[in-house]
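Heads up, the thing below is written out as structure tokens.
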Amino acid sequence: MTPRPIRAAARRALPWALALLAALSGLAAHAADTSAAQQLQHWSAQADQPGDAAAGRVFFTGRHGGEWSCASCHGNPPTANGRHESTGKTIAPLAPAFNPKAFTDSAKVDKWFRRNCRDVLQRECSAQEKADVLAFLQGFKP
Amino acid sequence: MTRAAAFASRALLSLAVLGVIPVAAQADGGRRLPAQVPPAYTAECGSCHLAYPPGLLPARAWLRVMSGLQDHYGTDASLDPATVQQLSAWLVANAGTYKRVREEPPEDRLTRSAWFERKHRGLEPAAWKLASVRSAANCAACHTRAEQGEFDEHQLRIPAGLDARSRRAFHD
């Protein structure tokens, strides 16, 4: 056994190992801090009532007196790519069983509920409405 | 953002607004996307529409856009103040400075710029309403490399349902 080629191989492998490490730590920085199930639980607790999937369906597809419904951009059923109603931009599926990233970052969940509820309802959504929508979305299975 | 960085970006922003910094001196200002795009720009601005190259609007237009995100062309695009500061500073530093972009378009919409209208003058108004296009903001409907900031006329695709007259405009 000659140690030199091994050392050379190790030297060659080092940058790759470092790159892999960096990639992994990058992933860790975006680690999921929540899940659709946890969000459902959270908003149900806030509302003091479990989310109701049937109510969520009505809420999701209704226009609430405005121009848009949630389904305008997310599609109905929201199990495939949606399309932004005004810009045409593709939106990843909202139902968690069809999109592993959906509802996994609580800051993002809060931000999009705030923005999109204002767009559709001209106000923020209640805890009950969020719980209902989550119950509805959790109902979709592949 | 650290306090120092926040201060620096605020200072840069106000200097740019006041016209103290000649924007051309620090900016590339071209149509291409800068080499370094803040991840927040792609994530926040690029989730509803194309992450437009900052060089497509002048600095003052970007600043107005960034100060009115709560009502952003009919939708709520509000962001936390630190992200607004960060992205505003980047947009201003990379805003369009060359002659045809220097002029501020109506409503700060780059699709209302004189250069944009001239480039697309051969298209029938109905072309923008096609289901395959939907809006002039949807650059990628025809510009296949738009996500990369390339709007070359050789990389065009004709969207489904385009009328014959507009089709001809793709070739001139």
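The values are calculated or read from the model by the stated rules, or taken from the named source; none is laboratory data. Small disclaimer: the values here were computed from a predicted structure and weren't measured. A quick note on method: Cβ atoms are made from the backbone with ideal geometry, for glycine too, and the neighbour counts reach across all protein chains shown. Side chains are part of the model used for accessible areas, which takes the heavy atoms of the whole protein and leaves out ligands, DNA and RNA. Shrake-Rupley method; radii C 1.70, N 1.55, O 1.52, S 1.80 Å.
How many of the residues making up region B:76-123 are in contact with a Lys or Arg (Cβ under 7 Å, 6 or more places away or on another chain) and within 14 Å of another protein chain (Cβ to nearest Cβ)? Total meeting the criteria: 3. Of the residues making up region B:52-70, just one is facing chain A (nearest Cβ under 10 Å) and closer than 19 Å to A:LYS89 by Cα, namely B:LEU69.
Scanning region B:93-109 for residues that are modelled with pLDDT of 95 or more and outside any loop (DSSP other than H, G, I, E, B) yields B:ALA93, B:PRO106, B:GLU107, B:ASP108.
The residues of region B:137-170 that are of a type outside the set (Asp, Glu), open to solvent by 50 Å² or more (accessible area, probe 1.4 Å) and not in a helix (DSSP H, G or I), listed by number, are B:THR144, B:ARG145, B:LEU156, B:ARG157, B:ILE158, B:ALA160, B:GLY161. One residue stands out among those in region B:100-112 that are among the charged types (D, E, K, R), touching a helix residue (DSSP H, G or I) at 6+ places or on another chain (Cβ under 6 Å) and surrounded by fewer than 18 Cβ atoms within 10 Å (Cβ to Cβ): the one that is nearest to A:LYS89 (Cα to Cα), which is B:ARG112.
Taking the listed residues B:TRP90, B:TRP115, the one that is at pLDDT 95 or above, open to solvent by less than 50 Å² (accessible area, probe 1.4 Å), not in a loop (DSSP other than H, G, I, E, B) and not aliphatic (A, V, I, L, M) is B:TRP90, with no other qualifying. For region B:120-130, the condition holds for no residue, the condition being that it is open to solvent by less than 80 Å² (accessible area, probe 1.4 Å) and under 26 Å from B:VAL37 (Cα atoms). Of the helices (runs of 4 or more DSSP H) lying entirely inside region A:45-142, those containing at least 2 residues that are within 14 Å of chain B (Cβ to nearest Cβ) and within 22 Å of A:ALA32 (Cβ to Cβ) span A:106-121.
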